[in-house]
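The values are calculated or read from the model by the stated rules, or taken from the named source; none is laboratory data. If you're wondering where the values come from, they're calculated on a predicted model, not measured in any experiment. Using ideal geometry, Cβ is built from the backbone for each residue, glycine included, and neighbour counts are taken over all protein chains shown.
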Amino acid sequence: MRALDRKVLRDLRTIWAQALAIALVLACGVMVLVLSTGTQRSLTETRDAYYERHRFADVFASATRAPLGLLPRIAAIDGVAQVEARIVFTAMLDLEGMAEPASARVISLPALGEPALNLPLLRSGRLPDPLQPDEVALSEPFAQANGLQPGDRFRAVLNGRLRTLVVTGHLLSPEYIYTIGPGAMMPDDTHFGLIWMREPAAAAASDLDGAFNDLTLSLSRGAHTESVIAELDRILAPYGGTGAHGRDRQMSHVFIEGELTQLGAMARVLPPVFLIVSAFLVNMVLGRLIALERQQIGLFKAIGYATAEIVLHYLKMTIGIGVLGVLIGWGMGWWLGHAMTTLYTEYFRFPWLDYRPGAAPLVVSGLLALAAVVIGAVRAVAAAVRLAPAVAMSPPAPPVFRRGWVGDLGAALALRQTTMMILRSLSRWPGRAAVTLFGVAGSVAVLVASFVTFDIIDVVMEDIFDKANRQDATLLLHRAVGERAELDALSLPGVLLAEGVYAVPIRLGHGSRSKLVSLMARDPAARLTRVLDDDGRPIPLPDSGVTLPEALADDLGLRLGDRVRIELLAPPRAPWDVTVTGIIRQSMGQDVQMNRSALFALMNEAPQVNMLNLAIDMASLSALQAQIKETPAAAGFTLWADVRGAMEATMNESLITMTLIFSALGMLITIGVVYNAARIQLAERAHELASLRVLGFRRSEVGYVLVAEQMLLTVVAVPVGWVAGYGFARLMTQGFSTDIISLPLMISQATYAQSALTVLAAALASVLLVRRRLDRIDIVTALKQKE
Amino acid sequence: MTPAPTARLPILTTEAVTKVYRTGALAVHALAGVSLTLYQSEIVVLLGASGSGKSTLLNILGGLDQPTSGRVMFRDQDLTALGDAGLTAFRRAHVGFVFQFYNLVPSLTARENVALVTEIADHPMRPEEALERVGLAARLDHFPSELSGGEQQRVAIARAIAKRPEILLCDEPTGALDSKTGVTVLEALVEVNRDLGTTTALITHNAEIRRIAHRVIYMADGRIARVEENTSPMAPAEVSW
């Protein structure tokens, strides 16, 4: 080994704690990159392979009742490769040992063989026998959650008739990787499942002989999705078509896309912070080391080492730190990627899902990290190697201090001299102070952006469960009925109040833009469900016009008072132009709200409802549940306490873990920056601080010089970090918002305070760690060294 | 020049003080049993070759270090019984130090360097007064880097005396200075001794400087070789080297 290389290793050993601190900050950046891009890639590749092998459809449509005779016409649409007609309907289930009703979506399988599209994967058992109308296959997660094995029986209400069905097998489907029941907000495998039934049995159960109500298409390469959808809508319109859509409105697909978008946002926002801070840290630490070794550099040059060799020597050291950070980051990223992927398997039901990041995230993160530290080093090295050997070998000129503002300030405020030492040091080395300041500010910003998660959860949960939806339960009906249902519901056990809603799919259009959404038409006087303004205050639903969530209004470029086209995707299907009379805050979903009487006045029909929000006397809940299980009109029953519980469980499991991890990362920046700055401070001032001890200053008084400088910078950095944190939080909420979820940016004072306190504590701990070294300095030895 | 102090009141006493430095298996006996008394208001010069134990003795006298064995008494107080906090308090209240390389804080002006000490002392003089005593009234707001070596050393003396210490310990205060500048520094020390009655112990390699002392202690091999009384100390201006 060459002598200079030996020196690299020894130098690294000498500054190991500082090198490790930098490597850890760097590792955070690498980790987040490997975690997010690696998980994104694993998820994308698994999904794509699954879609491909199991022929996930490109276009989806449903209708009330369409004759099978339409199929040749549909198959003939330009661009359509395959057509599969199905029967899909909802059933209420009465499962043994479960008081509350469960519900399921029944999906037909062809009379013989396997479907051409959305091919389910048989996980156990077999597909139903076409000759046995009571045989069904279940979605695996639902079967597992309820302990239903092949051969087991359960009771279901199919189209008002109570039937006993036999389980033949468990399936997974590319169409239901993420399964969410009607009216639900989270997957609930216990209360909502999928039932596959042979087509003749399904047709008989739903009175759809010779007809279909659901259609999926695959398109040929290069087909124009929009024109296929338009043509399909035209064909299905007379048969109650509710608007065909591509994968972009397919629920399961949308949720996976949302997750991918969020991973992308994570990869874009966080790693740059860590990489930039690492670059500055390398610059600071290496700059200090090179200043110490200035005379050695002169010596190397004097004995004939080329400038390039010396530069390479210091770059090797930097790369040593970089490689350490990259390896730690890869390890952590890989481990967390695994953990996150495992977590995903609880929500995304793939037949297989492994964390396989591939080489790209590793290579890219490694190169970016090394580039960051090398860039940080280059400046520090360049200054030193430019010196002529004779100049370098002589000691550097002592630092020049000026009276300036610090002196005036000190005199004006009668500051102690130890405080003056701090202020002069800051004004003499503003660059170094800036690194600490911006590093700590970055730390605060990352913490604000992660703690804000809790604020957003609070606001969203409060909006959804305390303000907007105060019903205890929602009862879905098979078909729309007259408003009398509200009165009828009062005769159900324990129902205190029932408010009907008419939910209908619509196409909302403005100019050339349009969107498929749900219209919720209800009584403006409703007390259980309400709409919220920008500040989260309940506001009355306007008597006329439509009220849109802010995100949807933005998507369509709509403002209050604009005219918007609504096209009901159910009879009478006529399009109307209505005025946007309200824009509201709504975190989940993109439902449009409207006064029910206004809607039915447009339709020229008597008002109807197809779902009922209920206030319930909880003491009578089991009686109510038992009754609903036997009510033919009921298509689903959701208890809001369950929804809230499921949502909270999800948050506790994934979001809080992630938030804690990011908080730890945020703190690491402060530790890395403050620890390094204090170590450099201590090294440069050992002599000065020892002098103070000789003069009779106590350890605490000398420690003050070291501790207060770092803490002063930290305190100044906090508000800077708050501002940056607001920006970060904004980027994160925008990046995390999808069609389904629109996150409000709400940062509480507690978040600002906690991020500041966390960073102050981390900074204090780091600087106190260095202060302990001050105690170990031997005064006598320190004084013998000439300054 | 200054008459010898009339009443010889002991202020610092060492009894059989030894100091052993161990580095690995090697033991260096820096002090091998030193018994010595410093009296109030006297100027003592410690002379001896490098390694004779002068600096070690001075550090122990000033509470910067503890002896391996023996006792050090400041008046009735046993310094060897004190811990780190006790020694810090002792230095803070009673001792001023002057070193060969000044040890000024580079980021503080002359006035501020002195204020560093006056801010933590009980009955200090004003920084301006201390600097005036050493002839630096015109250089109050200069940073150390803007001062000559002699001026920096005089700031160090001003800083050492500003708290009116009973004891002033100087380790080679003229070691880094030329003869002429050295004399001005010595003059400052003698004046302080005369005006404030500060007991002053001064280490030097320079045998000529012994002439300004009331007593000269010769050290060799960690022991006191001999002690010379000087009944008629010379003024620094009369000394040259």
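Out of curiosity, is A:Leu476 over 30 Å from A:Val273 (Cα atoms) and more than 14 Å from chain B (Cβ to nearest Cβ)? Here the answer is yes, as A:Leu476 does meet what is asked. Residues considered: A:Leu117, A:Leu127, A:Leu131. Of these, the only one that is closer than 20 Å to A:Gln250 by Cβ and in a loop (DSSP other than H, G, I, E, B) is A:Leu117.
Might you let me know whether region A:260-267 holds any residue that is more than 22 Å from A:Asp78 (Cβ to Cβ) and assigned by TED's automatic domain parsing to the domain that holds A:Val83? Looking for residues that are more than 22 Å from A:Asp78 (Cβ to Cβ) and assigned by TED's automatic domain parsing to the domain that holds A:Val83, one finds none in region A:260-267, hence no. I'd like to know if region A:363-371 contains one or more residues that are at negative phi, crowded, with 17+ Cβ neighbours inside 10 Å and either touching a strand residue (DSSP E or B) at 6+ places or on another chain (Cβ under 7 Å) or among the polar types (S, T, N, Q) (or both). Yes, some residue in region A:363-371 is at negative phi, crowded, with 17+ Cβ neighbours inside 10 Å and either touching a strand residue (DSSP E or B) at 6+ places or on another chain (Cβ under 7 Å) or among the polar types (S, T, N, Q) (or both).
Among the criteria (1) more than 21 Å from A:Val770 (Cβ to Cβ); (2) buried (at least 18 other Cβ atoms within 10 Å of the Cβ), the one A:Asp48 does not fulfil is (2). Do you know which residues across region A:450-460 are hydrophobic (A, V, I, L, M, F, W, C) and modelled with pLDDT of 90 or more? If the condition is that a residue be hydrophobic (A, V, I, L, M, F, W, C) and modelled with pLDDT of 90 or more, then A:Phe451, A:Val452 are the ones that fit. Here is a check on your reading of the model: is A:Leu768 surrounded by fewer than 17 Cβ atoms within 10 Å (Cβ to Cβ), of a type in the set (A, V, I, L, M) and over 30 Å from B:Lys54 (Cβ atoms)? Yes: the conditions hold for A:Leu768.
Beta carbons closer than 6 Å, at least 6 apart along the sequence or on distinct chains, pair a first residue in region A:43-72 that is farther than 19 Å from A:Arg573 by Cα with a second that is loosely packed, with under 13 Cβ neighbours inside 10 Å for A:Leu68/A:Gly210. Counted as qualifying within region A:606-701 are the helices (runs of 4 or more DSSP H) with 3 or more residues that are closer than 29 Å to A:Ala19 by Cβ and among the charged types (D, E, K, R), namely A:656-694. Being in contact with a helix residue (DSSP H, G or I) (Cβ under 7 Å, 6 or more places away or on another chain) and among the small types (Gly, Ala, Ser) is the filter; apply it to region B:71-109 and report the residue that is modelled with the highest pLDDT. My answer is B:Gly96.
When region B:74-89 is filtered for residues that are more than 8 Å from chain A (Cβ to nearest Cβ) and within 17 Å of A:Phe697 (Cα to Cα), the ones remaining, listed by number, are B:Leu82, B:Gly83, B:Gly86, B:Leu87. The set of residues in region A:684-713 being away from chain B (no Cβ under 11 Å) and modelled with pLDDT under 90 consists of A:Ala686 alone. Of all residues in region A:477-492, those satisfying the criterion of being outside any helix (DSSP H, G or I) and either at pLDDT 95 or above or surrounded by fewer than 15 Cβ atoms within 10 Å (Cβ to Cβ) (or both) are A:Arg479, A:Gly482, A:Leu490, A:Ser491. Whether a residue is polar (S, T, N, Q), surrounded by fewer than 20 Cβ atoms within 10 Å (Cβ to Cβ) and within 30 Å of A:Thr179 (Cα to Cα) was assessed, and A:Ser654 passes this test.
The rows are residues; the columns are (1) under 27 Å from A:Leu447 (Cα atoms); (2) assigned by TED's automatic domain parsing to the domain that holds A:Leu743; (3) of a type in the set (Val, Ile, Thr).
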residue	(1), (2), (3)
A:Ile656	yes, yes, yes
A:Arg685	no, yes, no
A:Leu692	no, yes, no
A:Arg699	no, yes, no
A:Val705	no, yes, yes
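Each residue in region B:22-36 was checked for being out of contact with any Leu (no Cβ under 9 Å at 6 or more places or on another chain) and surrounded by 12 or more Cβ atoms within 10 Å (Cβ to Cβ), and 5 of them qualify. Can you pull out the residues in region B:37-78 that are surrounded by fewer than 16 Cβ atoms within 10 Å (Cβ to Cβ) and of a type in the set (D, E, K, R)? Across region B:37-78, the qualifying residues are B:Arg71, B:Arg75, B:Asp76, B:Asp78.
Do the conditions hold for B:Leu147, that is, is it free of Cβ contacts under 8 Å to residues at least 60 places away in the same chain and either out of contact with any Leu (no Cβ under 8 Å at 6 or more places or on another chain) or more than 9 Å from every other protein chain (Cβ to nearest Cβ) (or both)? So B:Leu147 passes the test. The set of residues in region B:118-144 that are within 18 Å of B:Thr174 (Cβ to Cβ) and either within 11 Å of another protein chain (Cβ to nearest Cβ) or modelled with pLDDT of 90 or more (or both) comprises B:Leu136, B:Pro144. Among the residues of region A:586-596, are any farther than 26 Å from A:Asp533 by Cα and either in a helix (DSSP H, G or I) or in contact with a Ser or Thr (Cβ under 9 Å, 6 or more places away or on another chain) (or both)? Looking for residues that are farther than 26 Å from A:Asp533 by Cα and either in a helix (DSSP H, G or I) or in contact with a Ser or Thr (Cβ under 9 Å, 6 or more places away or on another chain) (or both), one finds none in region A:586-596, hence no.
The residue that is farthest from the other protein chains (Cβ to nearest Cβ), among those in region B:94-111 that are assigned to a helix (DSSP H, G or I) and closer than 25 Å to B:Glu172 by Cβ, is B:Ala110.
Taking the numbered list (1) touching a residue at least 40 places away in the same chain (Cβ under 8 Å); (2) under 30 Å from A:Phe142 (Cβ atoms) in turn, A:Thr318 passes all entries but (2). Restricted to region A:386-470, the set of helices (runs of 4 or more DSSP H) holding at least 2 residues that are among the aromatic types (Phe, Trp, Tyr) comprises A:430-461.
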